[in-house]
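The values are calculated or read from the model by the stated rules, or taken from the named source; none is laboratory data. Please read these numbers as outputs of a predicted model, since none were measured by experiment. Using ideal geometry, Cβ is built from the backbone for each residue, glycine included, and neighbour counts are taken over all protein chains shown. These accessible areas exclude ligands, DNA and RNA; they are computed on the full protein's heavy atoms, side chains included. Shrake-Rupley method; radii C 1.70, N 1.55, O 1.52, S 1.80 Å.
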Amino acid sequence: MSVPSAPFPTVFGRGLVPELVAIANRPTLVVTMADLWSRFERDLAGLEPIVHLVDTLERDELERQLADLPTVATVIGLGGGQALDVAKFVAWRRRLPLFQVPTAMTVNAAFGQRAGLRVDGVVRYQGWAVPEAVYVDYEVIRSAPAALNRAGVGDILCYHTAHRDWQLADELGRTEPRWPYDAELVAAARERLDAVLAALDEIHDVTDVGIRALMLAHRWGGAAFHDAGWNPRHIEGVEHFVFYNLEHRTGRHFIHGQPVGLGIVAGSMLQEHEPERMLGSLVRAGVDLRPEAMGVTWGDVAEALLSLPEFVASAGLWFTIADVRRPDTALVERLRDAIDEAYAGWPPPEGVR
Ligand SMILES: [Zn+2]
C-alpha cells in the first residue's frame, strides 16, 4: 500500500505569528484559549480579529456558537489541541482558509484532517480541514511548559507496541479483514519512531533540533490514519487502550502522552518486547509516568489493566496482546517496581492538574 505524503505544509522559524497580519483576509477569526490570548494579542492587533475563546468541544454547542459568529474570511488556530480542533471545525463548516499555530508539542492536532469533537461527551473525530500552513515557531513552542512538550513523544513511541500487536494478530490469523498486515506501513511508521528515538535528549531540552524532530513525526502521524485509508494499526495499539480505559474509569482529563506512555510500558511488558528500552526512552525524554503525576492512583492503574480485555471487547476495539495474555496482578507489580525504580531520582510528582 502506498503512503501519500502529508499534505500539511509546515514552516519552522521565529517571529511567525506577527506575519499572519500580512496574510490573513479580514475579517479574521482567531480561535484560541483564554490563557493564551493575552500573549499573542499584540502580535495580531493589526488584524483587529474576532476572537473565539474555546469553552467547549461539544458539537451541538459549537454549532450554536457558529450560528452566532459573524461572517469571517480567514480562521487562525492558536493553541494546543483544543483550539486547533475548534479552528478546524469552523474552517470546515464555513469553508474558510485556515492557518494553524501550535503552541506546544503535546499532541498532533495541527496535522490531523478531522477535528476531535465531543458528541454527548464522547470523542468523535469529524469534519475535514487541511490548513494553508502550520507555523511552528521555535520560541512559541519553547514558552510552553516543558512537561507538555516532552509528553508529545508518547504518540510516536506508541508505534512500538502498535507494531507488535499487528504482527501478533498476523501470526495468529487474527487481523481484521479491513486491515491485513502491511509491512510498508509499519516500515514508514518505524522511520518516524527511529527519528524520535534518536532525538530524545533534544526533545527533552526542547531545542530547535528536538522541535523539528518531534513536529515532523507529528506531521506524519497526524495524517497517517487518513493516509492509510483510516487504518490505525501502524500507529495505535494496546497502549492507547490502556489509556482509554483509565480515562473511562476515572473520568479524568490527561496530558495524552503520560497515560499513553504508561500504556507503552505495560503493553510492551505483556508483549515481552523491550519494555526496559521503552521505559528508558520515556524517562530520557522527561515524561513522568508515575500515576500521581497524572492525578490517579496505582489502584486506578491496576483496575484499568485488570479490566482491559472486557473494556476492549465492550468498546469494539481491535485485536491486541490483551486478547492473548490477560493483564494480571503480577504485571501490575512488575510495572510498579519498574516505574518506582526508573523515577527514584526524580523529585516527587508535581501533583494533580
Ligand atoms: Zn494518541
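Summary table
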{"read-out": "Single residue of Met294, Met278, Met269 found to be at pLDDT 95 or above and either open to solvent by 40 Å² or more (accessible area, probe 1.4 Å) or away from the ligand (no atom under 16 Å from the Cβ) (or both)", "value": "Met269"}
{"read-out": "Options Glu333, Glu272; residue that is more than 21 Å from the chain's Cα centre (by Cα), free of Cβ contacts under 8 Å to residues at least 12 places away in the same chain and in a loop (DSSP other than H, G, I, E, B)", "value": "Glu272"}
{"read-out": "Which listed residue, of His234, His218, is at pLDDT 95 or above, within 16 Å of the ligand (Cβ to nearest atom) and touching a Leu at 6+ places or on another chain (Cβ under 6 Å)", "value": "His234"}
{"read-out": "Any pair with Cβ under 6 angstrom, 6 or more apart, that starts in segment 139-159 at a residue that is at positive phi and ends at one that is crowded, with 23+ Cβ neighbours inside 10 Å and of a type in the set (Ser, Thr, Tyr)", "value": "none"}
{"read-out": "Strands (runs of 3 or more DSSP E) enclosed by segment 2-68 - at least 2 residues per element that are open to solvent by less than 50 Å² (accessible area, probe 1.4 Å) and among the polar types (S, T, N, Q)", "value": "28-32"}
{"read-out": "Residue that is nearest to Glu191 (Cα to Cα) [pool: residues in segment 204-222 that are open to solvent by 10 Å² or more (accessible area, probe 1.4 Å) and free of Cβ contacts under 8 Å to residues at least 12 places away in the same chain]", "value": "Val209"}
{"read-out": "Conditions (1) touching a Pro at 6+ places or on another chain (Cβ under 7 Å); (2) away from the ligand (no atom under 16 Å from the Cβ): number failed by Ala87", "value": "(1)"}
{"read-out": "Residues satisfying the stated conditions in segment 134-165, i.e. open to solvent by less than 10 Å² (accessible area, probe 1.4 Å) and away from the ligand (no atom under 16 Å from the Cβ)", "value": "Val134, Val136, Asp137, Ile141"}
{"read-out": "Residues (of a type outside the set (D, E, K, R) and in a strand (DSSP E or B)) located in segment 114-129", "value": "Ala115, Gly116, Leu117, Val119, Val122, Val123, Tyr125, Gln126"}
